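The values are calculated or read from the model by the stated rules, or taken from the named source; none is laboratory data. Small disclaimer: the values here were computed from a predicted structure and weren't measured. So basically every Cβ, Gly included, is an ideal-geometry build from the backbone, and we count neighbours across all protein chains shown. Areas reflect the complete protein model, heavy atoms only, side chains present, ligands, DNA and RNA absent. Shrake-Rupley method; radii C 1.70, N 1.55, O 1.52, S 1.80 Å.
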Amino acid sequence: MILVIGGTGNIGRNVVEQLVAAGASVRAMVRDPEAAGLPQQVELSRGDLTLPDTLDESLQGIEAVFLVWTAPPAAATPALERITKHLRRVVYLSAPLKTPHPFFQASLPNPSSILHEEIERLIQKSGVDWTILRPGMLASNALVWWAPQIRAGDVVRWPYLAAPTAPIDEHDIASVAVCALVQNSHAGAEYVLTGPESLSQSEQLSTIGRAVGRSLRIEEMSPEETRREWAGWPAPVVNMLLKSWAAGIGQPAYVTQTVAEVTGTSARTFFDWAREHVQAFTLKD
């Protein structure tokens, strides 16, 4: 039996669906089982990372867990103590904290990296088998960043258009996670996961335009304009993104072949991802 914590998000939902397709017994810990919307083969269990006493029932009979952390930092120690005493394997969704590339290193440390490091430390000192997944830029960020503008019209305004990243499909992250959960050869591995190609942000937007059959007008925003227009965003997130994009300009994005090496299947291209999500970018009537 495999437990997925964070199974209703983009990556966790893909992990659940791929585990079910592989014939695994899957339980998902969720705060609201009635709203989970997961496959009927999945056993649902009510639990909350901020309430350690609610975790034991979800962990009964579990051998491995896929963990997406969605709780405040203060919840980490008591939750991880409960989780790691019940099972033998943890696959944790972290970030590329150690990757020697300016894009990843320029914004460190930041609140997110500090939390990931602490959770990794707690997992590793517990004595369970562990695998750390370190995805780079997510292709699905485009759904939050660009889809609203593209649905509204043909103009997209964005900073650091020349900054390259290698966006990875959430399906590929999930495929690596499933391998680490069901196979015995991934203990102690730290997998940096990227898409298969380095693309500037401008190229990514053009790729979406090609997928939806539209010519987008892409306009550069200065960092100052960005800070003003993104005033509603959390300041640490804005600072992290602007620092990373600025540092990445002038060199290709960091690209790994880890998805293919672990799963035996090449990582999907950003165009593949965009074609699968055309509806998210379709013009409003």
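Within the stretch 209-251, track down each residue that is in contact with a strand residue (DSSP E or B) (Cβ under 9 Å, 6 or more places away or on another chain), surrounded by 15 or more Cβ atoms within 10 Å (Cβ to Cβ), in contact (Cβ under 8 Å) with a residue 60 or more places away in the chain and farther than 16 Å from Leu108 by Cα.
Listed by number, the residues that qualify are Leu216, Ile218, Met221, Thr226.
Name, by its number, the condition in (1) at pLDDT 95 or above; (2) more than 26 Å from Phe271 (Cβ to Cβ); (3) outside any helix (DSSP H, G or I) that does not hold for Thr226.
The one condition Thr226 does not meet is (3).
Can you tell me which condition Arg82 does not meet? The list is (1) open to solvent by 50 Å² or more (accessible area, probe 1.4 Å); (2) touching a residue at least 40 places away in the same chain (Cβ under 8 Å), and all the others hold.
Of everything listed in (1) open to solvent by 50 Å² or more (accessible area, probe 1.4 Å); (2) touching a residue at least 40 places away in the same chain (Cβ under 8 Å), Arg82 misses just condition (2).
Give the residue that is least open to solvent (accessible area, probe 1.4 Å), with candidates limited to residues of the stretch 103-156 that are without any contact (Cβ under 8 Å) to a residue 12 or more places away in the chain and not in a helix (DSSP H, G or I).
Restricting to residues being without any contact (Cβ under 8 Å) to a residue 12 or more places away in the chain and not in a helix (DSSP H, G or I), the top hit is Leu108.
Look at the stretch 85-102 and say how many of its residues are of a type in the set (A, V, I, L, M), in a loop (DSSP other than H, G, I, E, B) and touching a Pro at 6+ places or on another chain (Cβ under 8 Å).
Number satisfying all stated conditions: 1.
Please list, ordered by residue number, the strands (runs of 3 or more DSSP E) wholly in the stretch 1-75 having 2 or more residues that are surrounded by fewer than 19 Cβ atoms within 10 Å (Cβ to Cβ).
Hits in the stretch 1-75: 43-46.
For the stretch 190-208, enumerate the residues that are in contact (Cβ under 8 Å) with a residue 60 or more places away in the chain and either open to solvent by less than 20 Å² (accessible area, probe 1.4 Å) or at positive phi (or both).
Those that are in contact (Cβ under 8 Å) with a residue 60 or more places away in the chain and either open to solvent by less than 20 Å² (accessible area, probe 1.4 Å) or at positive phi (or both): Leu193, Thr194, Gly195, Gln204, Thr207, Ile208.
Note down all Cβ pairs under 6 Å where the first residue falls in the stretch 261-285 and is open to solvent by 70 Å² or more (accessible area, probe 1.4 Å), the second is at pLDDT 95 or above and among the small types (Gly, Ala, Ser), and they're at least six residues apart or on different chains.
Ser266/Ala260; Arg275/Ala211
Being out of contact with any Asp or Glu (no Cβ under 8 Å at 6 or more places or on another chain) and of a type in the set (Val, Ile, Thr) narrows it down to one of Val156, Val178, so name that one.
Being out of contact with any Asp or Glu (no Cβ under 8 Å at 6 or more places or on another chain) and of a type in the set (Val, Ile, Thr) holds for just one of Val156, Val178, which is Val178.
Of all residues in the stretch 111-134, which are closer than 18 Å to Thr99 by Cβ and among the small types (Gly, Ala, Ser)?
Answer for the stretch 111-134, where residues must be closer than 18 Å to Thr99 by Cβ and among the small types (Gly, Ala, Ser): Ser112, Ser113.
Check the stretch 175-186 and report whether any residue there is closer than 27 Å to Val238 by Cβ, of a type outside the set (Phe, Trp, Tyr), outside any loop (DSSP other than H, G, I, E, B) and modelled with pLDDT of 95 or more.
Narrowing the stretch 175-186 to residues closer than 27 Å to Val238 by Cβ: none.
No, every residue in the stretch 175-186 fails to be closer than 27 Å to Val238 by Cβ, of a type outside the set (Phe, Trp, Tyr), outside any loop (DSSP other than H, G, I, E, B) and modelled with pLDDT of 95 or more.
Show the residue pairs that are 6+ apart or on different chains and have beta-carbon atoms under 7 Å apart, the first residue being within the stretch 62-77 and among the charged types (D, E, K, R), the second being open to solvent by 70 Å² or more (accessible area, probe 1.4 Å).
Qualifying pairs under 7 Å: Glu63/Arg88.
So which residues in the stretch 157-174 are in a helix (DSSP H, G or I) and open to solvent by less than 50 Å² (accessible area, probe 1.4 Å)?
Correct list: Glu170, Asp172, Ile173, Ala174.
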